[in-house]
Structure formats: structure tokens, C-alpha cells
1. Please give me, ordered by residue number, the trypsin sites (Lys or Arg not before Pro) of the range 14-85 that lie in loop per DSSP and have at most 13 other Cβ atoms within 10 Å.
2. Quick check: the distance between the Cα centres of the range 72-127 and the range 264-310, to the nearest angstrom?
3. Over 5 Å intervals from 0, what percent of Cα-Cα pairs in the range 1-98 sits in each interval?
4. Apply the Karplus parameterisation 6.51 cos²θ - 1.76 cosθ + 1.60, with θ equal to phi minus 60°, to every residue of the range 299-307 and state each ³J(HN,Hα) to the nearest whole Hz, in sequence, with x for glycine and proline.
5. Short version: what are the Cα gyration tensor semi-axes of the range 256-405, square root of 5 times each eigenvalue, largest first, in whole Å?
6. Within the chain, what's the longest run with no GluC sites (Glu not before Pro) in a DSSP loop and at most 12 other beta-carbon atoms within 10 Å? Give the range, please.
7. Applying the Karplus parametrisation 6.51 cos²θ - 1.76 cosθ + 1.60 with θ = phi - 60° to the phi angles of the range 398-413, what ³J(HN,Hα) value in whole Hz is obtained for each residue in order, glycine and proline being reported as x?
8. Using just the helices of the chain, give the 222 nm mean residue ellipticity in deg cm²/dmol: DSSP H runs with n ≥ 4 each add -39,500 (n - 2.57), and the total is spread over all residues, rounded to 500.
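FYI, it's all coordinate maths here, none of it is from the lab. Model, not experiment: these values are computed from the prediction. Glycine also receives a Cβ, built like all others from the backbone with ideal geometry; neighbour counts cover every protein chain displayed.
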Amino acid sequence: MNLPLDLEYYPKISEEILKKNAEIITKNMEKWSKPFFMDVYSYSDLDEFRKVAAPFLNDQNLENLIILGTGGSIQTALTLSKLFKKKFYPIVSSRPEELVNVLSDCPPEKSLVIPISRGGKTLDVNSTLTLFRDYPMLALSSQGPMYEYLKKQDIPILPVPDLSGRFAASICSVGLIPSLIAGVNVDEFLNSLAESYSVFKDLHDTEENLALHYASLLKMLYNKGYTNIFNMPYSVYLEGAAGLFVQEISESSGKKEQGLLGTYQPAPLCQHSVLELLLGGKKGHTSPFIWTTLNEPQDIEINSTEFGLVNQTALNIIKNQADATFQALIGQNIPVSKIELYNISEESYASLIAFIQSTVYYFCMLLDVNWANNPLVVTGKEICNEAIKEGKTRSQRKQDREELAEKKYTNFL
């Protein structure tokens, strides 16, 4: 299969290191749960999904798709959202302005709300759910308070498999139901996903396996003390995928006092935010990851002789900015990478998701950490739920922090 994307990175990883890393990955795979996400069709019953979604697929008045979800429940939808043929409103929390806007812009008779939470305890979802009580709903959940509430309301509910959510969404109801209703060709998406994983699963093909290459680069960076992969998406079509990478690399590798932090800001805006630091500041902590497109559905011709821009297009100018930044970083001996998506389609996004997930999985195998869990992410949730339950005031919450900090930072300075 010729993948609809390309990876360019520096410094190059040698064939010897790639083969050695492939052996390490194969060995460590035996210690941890299998990468279920590479088995594309085991959790995607498209016939059942179409049956449940039929009333909404045939609804000519449906214009707005509102998803209540956060983290792994929504990152895949954000990645694919540029393929959606409905207006998409992601509600990831109870931030008031976003709620006011969606309630104002989306009348119930033209909207569908899809709340997503496997465990049904996600505060970000549960805090907003009753605001949409008058809206048509199709829920994705398996247990917990949200599930019980929706069941009492006679809302149709599809189960969510008990899998690592950030890796599972693209192959199960979490990502496929919203995409199906939004008009994405999910058959083509899944077929391309399976074909892409067939490439990335082959650890013997060290030349073509881009996921092995990038995972190996990440491990080299980690060994040298790098802590941050700063993602620079030069296209709105890639910002969702960059967010997916940020969650997966951070949440999956951050175990046992190990891991890399993923961060991002849209480009070329980020050139004016962080490029001076990257080029002229302290080195050895951050490796930029540039995201570009070769073609996009729309482009605009630009002819401005006053500024030396003749026979240009808006996209071509962006490509030149990305490549110039890439070269400038190389010139300062900064390890840097660029992923380029050839077009905007189900096939391309499927290959990109497969690349992201395979890369992160292989990097975790090189670190020898559990790629699938996230045991400490509930810490803040528990503190929040307790504070709300006890009705703690702002000053009481601050006092709790002050008392904790006094104990924890005794010798910090």
C-alpha cells in the first residue's frame, strides 16, 4: 500500500537502530496488553450502527451535531470533523460561553446531541447533560450515573467497549457513530485504517514503517533528555489530529516517572510565539513536529506584485512558511520532523490516525510502559468531585491548596 502521507525527520535513524528497536518492541509486546486498535473490525458492527442511527441518517432537517464528551471520547471526532457534512459542535466541558452559543445556534428540531462516556461518571459530560433535555439524543455509554439517567429518559444507548478510550474511538461506536451520522464514509475509513495498520504492523520492513521510524526518533530524543514534542499544525485540517497525538503521547507514555509531553499551537501563528526560543534559546528540551497538507479542498490564488507574490496560492505560501521553519530548525541542529498529508479524505485521515497510534504504541514498548492505562488522571477528578459534593467555597479550595503546598514544597527551593 502506498500511504497517503509522508514523514521527513532529522537526524535520520540508522538501519541498525531501527532493527534493534524492532526487536525490543517485539520482546516488550509480550508484557503488555495487545494493541487491539490494530484489529479494526472486531468492535465495529456497522450494520448495527446504521440500524440504530437510521432515524437520524434519514432526517432531512438535521443540521447540527452536538457531541458531549472529552478526552478519548471526542479526539477522534475532532480529527475527522473536517469530513463532517453537518455543523459540528464539540462540547468538552461546562465552559459557559460555548454552552450559551450552542444553545443559541442549535434549535432542538435541527440538532442531535450525542453524549459519550463509557463509565458515565465524567463531570464534563454530566454537568451539561440536562441543558439538552429537550433535544433528540443518541447516547454512547455502558454504565454509571449518565447511563442510568439516560435510561430513565428512554434515550437510545449504544454500549462502549471496555477499552482504552483514546485508542478505541476510531474502531468502535465512539468515533464511528458520530462520523456515520455526519456523513463520513465509514466503510472507506475502516478499510483504509486496516490497510494502514497492515503496513505499520510489519516491523521487518524498517524502510517503509514510518511509525517505527518516528517511535525510534522519540526514543532517541527521550534518551538524550528531551521532554516535549511541540506540534505545529499548518492546516486547520490537521489541528484535530495534532490534538489526538498530544493526548496519546502524553497520557500513554507518562508512566513510572517516564514519558514525553505533547504540546501544540496552530501554525504559522506559533512561529511568532515560540520560534525564537526554539532557535535561539536553551536547547535539548523540545523537538518540533510540523504538520502540513499537500492538497486541500479549497485554495485561493494570490497575485500581489507589491509584495513579490506572483502566481501564488494561499496554500503554497503556507507550505513555504512550513518548509522555511523546518530548514531554520535544522540549521540550529534541532531535532525536527514533518508529517505531510497528501489530501483530505477518509483514506488520508485513516492513515494518519494509524500512524499516530502505532507510533505511540511502539514508543511505549521502547519505554516498556503500559500504553493502555492512565491511573493518575482521576486524581484531579476526585478532588473536584469532593469539593463540589462538600460545597467548598473558593477560599476553602485555596486554603486546601496552601496547606498541601506547605507540606509538599518544603525543600523545593
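1. Within the range 14-85, the qualifying trypsin sites (Lys or Arg not before Pro) (loop, at most 13 other Cβ atoms within 10 Å) are Lys31, Lys85.
2. 30
3. Pair shares across the bins are 2, 8, 9, 13, 17, 14, 12, 10, 8, 5, 2, 0.
4. Values per residue, Gly and Pro as x: 8, 10, 6, 10, 10, 10, 4, 4, 10 Hz.
5. Computed over the range 256-405, the values are 40, 22, 19 Å.
6. 31-206
7. Calculated HN-Hα couplings, in order: 5, 4, 4, 5, 5, 5, 5, 5, 4, 7, 7, 9, 3, 10, 5, 8 Hz.
8. Using -39500 (n - 2.57) per qualifying helix, the result is -14500 deg cm²/dmol.
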